[in-house]
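Notes follow once the structure below has been shown.
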Amino acid sequence: MSDERRQFREEIRMLASQGFAVGEPSSVIAMELRVIARSVQRSRRAWDKGGPRAVRSAGSASPHHG
């Protein structure tokens, strides 16, 4: 994943976490951020387990095979 794409995804997670903090439903957050609900739900699970720090990027989610 490019650095630009990684930064974009990081920003989306941070914006989503603001929605989690005020109790917005995942579907509403996804619509507002124009991303798929599954992405928001994945971030919400991380948020539920570890709060705002948990939604920060830990690097690429999937290793590259090649």
Which of (1) open to solvent by 80 Å² or more (accessible area, probe 1.4 Å); (2) out of contact with any helix residue (DSSP H, G or I) (no Cβ under 7 Å at 6 or more places or on another chain); (3) at pLDDT below 95; (4) not charged (D, E, K, R) is the odd one out, the single condition Q41 does not satisfy? (2)
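For the range 15-38, check the following and say yes or no: at least one residue is of a type in the set (F, W, Y) and either modelled with pLDDT under 90 or out of contact with any Pro (no Cβ under 9 Å at 6 or more places or on another chain) (or both). Before the answer, list the steps.
Going residue by residue through the range 15-38, those that are of a type in the set (F, W, Y) are 20.
Keeping just the survivors that are either modelled with pLDDT under 90 or out of contact with any Pro (no Cβ under 9 Å at 6 or more places or on another chain) (or both) gives none.
There is no residue in the range 15-38 that is of a type in the set (F, W, Y) and either modelled with pLDDT under 90 or out of contact with any Pro (no Cβ under 9 Å at 6 or more places or on another chain) (or both).
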Among all residue pairs at least 6 apart or on different chains, which show Cβ distances below 8 Å where the first residue, located in the range 39-63, is outside any helix (DSSP H, G or I) and the second is modelled with pLDDT under 90 and open to solvent by 90 Å² or more (accessible area, probe 1.4 Å)? none
Looking at the range 9-29 only, could you name the residues that are surrounded by 11 or more Cβ atoms within 10 Å (Cβ to Cβ), over 10 Å from the mean Cα position of the chain (by Cα) and not hydroxyl-bearing (S, T, Y)? Q18, G19, F20, A21, E24, P25, V28, I29
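The values are calculated or read from the model by the stated rules, or taken from the named source; none is laboratory data. Because the structure is predicted, anything quoted here is derived from the model rather than measured. Reconstructed Cβ throughout: ideal geometry from the backbone, glycine too, with neighbour counts over all protein chains shown. Note: accessible area is taken over every heavy atom of the protein model, side chains too, but ligands, DNA and RNA are not part of it. Shrake-Rupley method; radii C 1.70, N 1.55, O 1.52, S 1.80 Å.
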